[in-house]
Amino acid sequence: MGITAGRAVDWMNRFASEVSEHRQELVRLDTAIGDGDHGTNMERGMRKALDRLGQAQPEDPGAVLKSVAMTLVSSVGGAAGPLYGTLFLQMGSSLAGHQEVELPELSAAWRKGLEGVQARGKAQPGDKTMVDALTPAVQALEEASELEPGLQAAARAAHDGMLATTPLVARKGRASYLGERSKDHQDPGATSTYYLFKSAAETLAG
């Protein structure tokens with residue numbers, strides 16, 4: 001069974017729950033190397049996105065992600081709004097018109113999302129950003145042959161990518177202003193990206 005609009009909404013609900021549950025962690029991580037508002041902004045943005053989804057009743061998974069994208073761009077401050085908005089918008093555009101999404105379409109959509117985030121933020125792997133979790137996760141999904149193990153592998157890869165940001169010196173974003181002092185801190189954007197893949201594995205598989 002492919003991913004329907006209803007299951008995509010379930011995914012966004014689960015992601016919003018993860019963000020809310022880990023808001024203090026995200027705030028703590030962002031306080032160390034950023035503005036300290038990543039958890040608060042993402043929680044508020046996802047709450048508004050769910051409200052909009054409840055009113056919109058999107059017809060396909062692509063429309064679900066586009067709706068979330070528009071809400072995040074308009075309601076989330078800092079870098080998170082434009083970057084997550086771009087991620088979801090590119091994914092939604094890639095999936096437009098697909099009533100049910102299978103692994104090949106999902107992998108292609110994630111690739112488009114990653115490319116959009118990199119174009120927007122000018123970040124590469126190793127720069128200590130959400131790209132460090134996104135890149136290995138997308139690659140794991142592309143290498144998979146089945147949806148459920150692919151999503152689980154992607155979540156594990158995102159987790160490893162998140163942890164790997166800790167020893168890095170930030171080269172992009174607010175954290176880059178700290179130079180060497182940004183070392184030994186886990187990146188908040190990579191952390192919320194892991195929760196996005198974790199929630200996908202929990203809601204979109206099988």
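Just so you know, all these numbers are worked out from the coordinates, no wet-lab data involved. All figures in this text were calculated on a predicted structure; none of them were measured in a lab. When we count neighbours, we look across all protein chains shown, and the Cβ atoms used for this are built from the backbone with ideal geometry, even at glycine.
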Study note, to complete from the structure: For segment 76-206, the charge dipole (Cβ of Lys, Arg +1; Cβ of Asp, Glu -1; about the Cα centre) points to a positive end, and the Cα of Phe88, Leu134, Thr166 closest to that extreme belongs to Thr166
Review point. Under 5 Å between amide H atoms, partner at least 5 residues away or on a different chain: which partners does Val101 have, H built in plane at 1.01 Å?
Key: Ile3, Thr4
Study note, to complete from the structure: Log10 I(q)/I(0) at q = 0.13, 0.22, 0.23, 0.24 Å⁻¹ for segment 144-192, from Debye over equal alpha-carbon scatterers, is -0.38, -0.73, -0.76, -0.80
Exercise for review: May I ask you to derive the FRET efficiency for Ser93 and Ala56 from their Cβ-Cβ distance with R0 = 22 Å, giving the value to the nearest 0.05?
Suggested key: 0.85
Exercise for review: Can you bin segment 32-98 into rounded, prolate or oblate? Criterion: square roots of the alpha carbon gyration tensor eigenvalues sorted a ≥ b ≥ c, rounded for a/c under 1.5, prolate for a/b above b/c, oblate for the rest.
Suggested key: oblate
Check your understanding: Between Ser74 and Glu146, what is the spin-label point distance in nm, taking each point 7 Å from the Cα along the Cα→C-beta axis?
Key -> 4.2
Practice item. Return a whole-number percent for the relative contact order of the chain, with Cα pairs under 8 Å and 6 or more residues apart as the contact set. Key: 23
Review point. Among the lysines, which fall within straight-line cross-link reach of Lys112, defined as a Cα-Cα distance under 16 Å, with same-chain neighbours fewer than 8 residues apart omitted?
Key: Lys66, Lys122
Practice item. Would you list, by chain and number, the aspartates and glutamates whose Cα falls below 18 Å from the Cα of Lys48, excluding same-chain residues fewer than 8 positions away? Key: Asp10, Glu18, Glu21, Asp37
**Study point:** Residue order, fewest to most beta carbons within 10 Å, for Ile33, Ile3
**Key:** Ile33, Ile3
